[in-house]
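Peer 1: Shown below is the structure under consideration.
The values are calculated or read from the model by the stated rules, or taken from the named source; none is laboratory data. Everything numeric here is computed off the predicted structure, so don't read it as measured data. Neighbour counts run over all protein chains shown; Cβ positions are idealised from the backbone, glycine included. These area figures cover heavy atoms from the full protein model, side chains too; ligands, DNA and RNA do not enter into them. Shrake-Rupley method; radii C 1.70, N 1.55, O 1.52, S 1.80 Å.
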Amino acid sequence: VAAVGGIVGSALVYLAYVRWQYELVVSSGWPVAGAIDLAFAYFIVKAIFRRHAAIPFLLLLAVAADAIGMLLIASRHPFVEKRCGGAALMTAALGLAFVLRRRKVHTFWPYLLGCGPLSWWALYVDGLHPALALVPIVPFLPHAPRSLELFADAPDGRHDSSRHFEHVWKYPVQAVLFLFGLVNAGVLLNGYDTGTWALLAAALAGKPLGIVAASGLALAFGLHLPRGFHWRDLIVVAFATSGGFTFGLFFATAVFPMGPVLTQLKLGAVLSGVGVPLAFAAARLLHVGRYDQHTRRHTNRARWRYGRHLNPVHHAGAET
């Protein structure tokens, strides 16, 4: 619900600003405003809250918002002449992935080389963005149980580095993301215009307001926030989601062709990082996370007890 609220809030602010400036040529870029850079937002919330219910809430919020954004931009890819049904190809890809999973194939290569191309071709011929080809295949990939630490391996040694996709491709994907940012994040500083300011207003105001408003509406209908997660925490998390960065750049390049309009949106996606100091300022102002004196005292007391349990002789001598 919070993810939908963030997308609706950012879209309303974006479109309102565009209509106010009479620049309707950039109006189709509203899905870009709802993008959330998952890793970037995770590190912000982790730095503020450390271990807290805000972290899984943020992860689910970002995944849901980006998944909805992908569905919104997927149909904007140009169509090609259909020589075979995309639905049939996608059914074959998912069916093959299901059979591999049922037969307990523990290496990811058959999924990647067999199901991946079928899914890519299915999206391509149906006019959907083929860069999303592995998204429907990922749920079938073999994996080990994970903790809430975003980049941590399984603690019990069950993570087979030779078989699991996310471990083998961890460093190559970092190189790919670096090159993606190098190519797409470089924009002319004089390329700002209506699209830039509309995206900034939507990311910094529309998205946080939408998340908070949708959460309030959900509470009114009987839903509840996670245990230990309060309104003040929600406001800080909402500001932490303002940065689009990688997902914003990807959405922008998927919506607009090369040109001045794309430059405006890309610059807006890069500048949305100004939401970082807003998140820390909100946390300090509202006294949440690392800025909550009660929480800090409780954490220090727990650390002292834990250290005393590990070194009882040393602490007993110190007390004497």
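Peer 1: Just grab the label-to-label distance for H224 and A67, each label 7 Å out from Cα along the Cβ direction, in nm (one decimal).
Peer 2: Simple spin-label model gives 2.4 nm for this pair.
Peer 1: Can you give the extra length, in nm with one decimal, that the chain gains between R102 and F43 once fully stretched, where that is 0.36 nm per residue apart less the Cα-Cα distance?
Peer 2: Details: separation 59, 0.36 × 59 = 21.24 nm, distance 3.59 nm.
Here the segment from R102 to F43 would lengthen by 17.6 nm.
Peer 1: For segment 1-123, which whole-number percentage of the solvent-accessible area (1.4 Å probe, protein heavy atoms only) is attributable to carbon and sulfur atoms? Before the final figure, lay out the partial values.
Peer 2: Numbers: 4450 of 6410 Å².
Carbon with sulfur: 69 percent of the solvent-accessible area.
Peer 1: Once the whole set of protein chains is in place, how much accessible area is left on K104, using a 1.4 Å probe, in Å² to the nearest 10?
Peer 2: 140
Peer 1: For segment 1-134, with equal point scatterers placed on the C-alpha atoms only and solvent neglected, what are the log10 I(q)/I(0) values from the Debye formula at q = 0.17 1/Å, to two decimals?
Peer 2: Per q value, in the given order, log10 I(q)/I(0) is -1.03.
Peer 1: Starting from the Cα-Cα distance between V4 and R51, subtract it from 0.36 nm times their residue separation and give me the gain in nm to one decimal.
Peer 2: Details: separation 47, 0.36 × 47 = 16.92 nm, distance 2.55 nm.
Once the chain is fully extended between V4 and R51, it gains 14.4 nm.
Peer 1: Once both labels are modelled 7 Å past Cα along the beta-carbon direction, what's the A213-W20 spacing in nm?
Peer 2: The modelled label-to-label distance comes out at 1.4 nm.
Peer 1: Further, regarding this structure: Could you give the length gained on full extension between A205 and L182, defined as 0.36 nm per residue of separation minus the Cα-Cα distance, in nm? Present the calculation step by step, with values, prior to reporting the outcome.
Peer 2: Numbers: separation 23, 0.36 × 23 = 8.28 nm, distance 2.79 nm.
So the extension gain works out to 5.5 nm.
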